[in-house]
Amino acid sequence: MTQTGFWKTGRQSDFSVVFDVRKDRNLPNPAHIVDTDTLVTLLGGGEHDPADLVLALSRAPVLVAADGGADRALAAGYAPVAVIGDLDSISEVAHRDLPPDIIHHIPEQSSTDFEKALQRISVPGMIAVGVTGYRMDHELAA
């Protein structure tokens, strides 16, 4: 069974831990964009404490961005191995600065970028940072 836990260090923090991402999932199984035996940090575009990202990457060193998380990653000095989402939040600058082969446009609008990324990542565990952005619809989906 997939286990999810939340750890928040303050008003600006958004730090979630998701384990067993590859097992017992009832999500569709499109081709995996990221398939690794290493833990992954999934960075969304939501508000978060920068220390949470540093801590997450110390434990889960492969960085994947969900749409606007690409901007957050670049602003913090990190380059994601993949950007997954409908690309309605990524800036033109980030889109231009990242290699085109790591940007994966998923145009459907019935799921959040977090869900799109989860459906396309096969890993033993994941730490998600900045994925709710204090939006209730994203909080419920996460």
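Scan region 113-137 and report the pairs whose first residue is over 13 Å from V34 (Cβ atoms) and at pLDDT 85 or above and whose second residue is aromatic (F, W, Y) and part of a helix (DSSP H, G or I), with Cβ atoms within less than 8 Å and a gap of 6+ or a chain change.
A128/F114
Looking at region 104-122, which of its residues are part of a loop (DSSP other than H, G, I, E, B), of a type outside the set (K, R) and surrounded by fewer than 23 Cβ atoms within 10 Å (Cβ to Cβ)?
I106, P107, E108, Q109, S110, S111
Can you confirm whether D86 is touching a residue at least 24 places away in the same chain (Cβ under 8 Å), acidic (D, E) and buried (at least 20 other Cβ atoms within 10 Å of the Cβ)? So that I can check it myself, show each step before the final result.
Details: touching a residue at least 24 places away in the same chain (Cβ under 8 Å): yes; acidic (D, E): yes; buried (at least 20 other Cβ atoms within 10 Å of the Cβ): no.
No; evaluated as a whole, the condition is false for this residue.
With the structure loaded, tell me whether D71 is assigned to a helix (DSSP H, G or I) and in contact (Cβ under 8 Å) with a residue 60 or more places away in the chain or whether it fails that test.
Against the criterion (assigned to a helix (DSSP H, G or I) and in contact (Cβ under 8 Å) with a residue 60 or more places away in the chain), D71 does not qualify.
The values are calculated or read from the model by the stated rules, or taken from the named source; none is laboratory data. Owing to the predicted nature of the structure, the values given are computational and were not obtained by experimental measurement. Heads up, the Cβs are rebuilt from the backbone with ideal geometry, glycines too, and the neighbour counts pull from every protein chain shown.
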